[in-house]
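Before any comments, here is the structure.
The values are calculated or read from the model by the stated rules, or taken from the named source; none is laboratory data. What you see is a predicted model; the values in this text were computed from it and never measured. All Cβ positions, even for glycine, are placed from backbone atoms using ideal geometry, and neighbour counts span all protein chains on display. Just so you know, the surface numbers come from the protein's heavy atoms only, side chains and all, with ligands and any DNA or RNA stripped out. Shrake-Rupley method; radii C 1.70, N 1.55, O 1.52, S 1.80 Å.
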Amino acid sequence: MAASWRLGCDSLLLRYFLGFRGRRSLGLAKGAVLLSVGRGASWRWFHSAQWLQGDPIKILMPSLSPTMEQGNIVKWLKKEAAEKCALSLSFPGGEAVSAGDALCEIETDKAVVTLDANDDGILAKIVVEEGAKNIRLGSLIGLIVEEGEDWKHVEIPKDVGSPSPVTKPAVPCPSPEPQIASPVKKEHTAGMLQIRLSPAARNILEKHALNASQGTATGPRGIFTKEDALNLVKLKQMGKITETRAAPAPPSIPTASLPPQATAGPSYPRPMIPPVSTPGQPNAVGTFTEIPASNIRRVIAKRLTESKSTVPHAYATADCDLGAVLKVRQDLVRDDIKVSVNDFIIKAAAITLQQMPGVNVSWDGDGPKQLPSIDISVAVATDKGLITPIIKDAAAKGIQEIANSIKALSKKARDGKLLPEEYQGGSFSISNLGMFGIDEFTAVINPPQACILAVGRFRPVLRLTEDEEGNTKLERHQLITVTMSSDSRVVDDALATRFLESFKANLENPIRLA
């Protein structure tokens, strides 16, 4: 107790320094420590002892999705910390970490994902602070030491430098081109008007050494026509006008040697009709506001551009009658089972894919591939962009199970908490904008998937129908328009048409979805 009092710490702290706490001792000889404390050795000698420690555990920026190239540190959930004893002398005491603990939140190109620790120890150093953006994969972001090691003396490994944000590649400066003196432009006689000539008039004037300024232009928009040139020739023959002589050339100015040029053209320059347009100027600074793009937004822009430029899209549209679906949904609501029309659409699409496996395919660049399971990707709008959580094995799920899965995944998507396996993959996509009042639209395929179904709102439509006796009557129907975008490399127009016919039949007869 005397030793612990002199150190200003309790007995538990003394046990820490003597090497009885944690999995490893501090590497000091037990006898030397006890002898030093027993003799009243000073704290200064004890603190100056050398600690034996191994290499720290590196925390690297992980790849959390197949398309991820860089990530952002959103928030560190563990902190660097230094505890102090009564004498204000610090000892190893960073925040303890156990395997499976959440270390930090990382924004990928898809969502915000939590990075978990793989080892036990102490968070010794945070190399990349929270808020850092565009950190390359494999970059060092933190260090962990085993419990009992001196975290304050941990150094960043020499083979791993501080990660630097991804920067745009430097645009090489164009090499300066050799300057060539521009040819001296021909100067026209002072007071001579520039007259626009037709090709025939130009040839006649050059042949007879005449000048258009000696006559009058009568063509449209002041053009000197062939008839005008012939009138000048007649006046010349009558002796009323004389030939024009070329003016003496001005003294030549010594210039750099010029490359050989073509034979000089006619003395009358051809008019530039229409005049060359000048390119628009970029917006002046201060007239716009830069909008920072998140990783998700950049990846969406890149993938959509690649899809529209590399995938041959084909479109097919069909109207489906939702009368039977709405009746079934009302019956389920009475039984306190909350489902949406979109849940029936997902189920109908899954059943149709089960009936027509030729549509449940993908294109990976080498050719089509048949997918073993029916996984429906459902587009969900978030503040950071569009993301598509997946209903796994949708054909085997019931309507209520699909509804519960959609609610849970949509909430996780908007909170940025989706796990990679919850949005990676999928064999068929559905995008529904009916809740926004959209009647119909076409969607962009999400490669390597082959199809995406765009769903509009259901709307009342009056139609003439016949009863069993052949009498016609006007009835009100609730119709919904669906448009399927398909990759023509794997799903041709005939197959897409048959798919929509089967989908329409399944959706209009909910008994088939059971």
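List of remarks:
- Whichever aspartates and glutamates have a C-alpha closer than 17 Å to that of Lys226, once near sequence neighbours (fewer than 8 apart) are set aside: Glu206
- Scattering curve values for the stretch 329-403, log₁₀ I(q)/I(0), Debye with Cα scatterers, q = 0.14, 0.20, 0.22 Å⁻¹: -0.56, -0.93, -1.03
- If R0 is 45 Å, the Cβ-Cβ spacing of Asn118 and Val461 corresponds to a FRET efficiency of close to 0.15.
- For Thr382, residues with placed amide H under 5 Å, excluding near neighbours: Ile387
- Distant-in-sequence amide contacts of Asn432, defined by a placed amide H-H separation under 5 Å and a gap of 5 or more residues or a different chain, comprise Ala379, Val455.
- Under 18 Å from the Cα of Lys207 - aspartates and glutamates, other chains or at least 8 residues apart: Glu227, Asp228, Glu243
- Computed FRET value (nearest 0.05) for Gln330 with Glu475, which takes r as the C-beta separation and R₀ as 22 Å: 0.75
- Entries of Lys369/Lys397; Lys133/Lys412; Lys347/Lys504; Lys392/Lys412; Lys58/Lys78; Lys110/Lys397 with Cα pairs more than 18 Å apart: Lys369/Lys397; Lys133/Lys412; Lys110/Lys397
- Couplings 3J(HN,Hα) for the stretch 498-514, derived from phi with the Karplus relation 6.51 cos²θ - 1.76 cosθ + 1.60 (θ = phi - 60°), are 5, 5, 5, 4, 5, 4, 4, 5, 5, 6, 7, 10, x, 4, 6, 8, 5 Hz, where x marks Gly and Pro.
- Taking N as its residue count, the alpha carbon Rg of the stretch 319-448 over 2.2 N^0.38 Å: 1.09
- Amide H within-cut-off set for Ala132, under 5 Å, with H built and near neighbours excluded: Ile73
- At most 15 other Cβ within 10 Å, DSSP loop - trypsin sites (Lys or Arg not before Pro), the stretch 421-514: Arg489
- Taking a straight Cα-Cα cut-off under 12 Å and skipping sequence neighbours fewer than 8 places away in the same chain, the aspartates and glutamates within cross-link reach of Lys308 are Asp487.
- Measuring between their Cα centroids, the stretch 460-499 and the stretch 375-450 lie 24 Å from each other.
- The stretch 92-137 - accessible surface per residue (Å², probe 1.4 Å): 39
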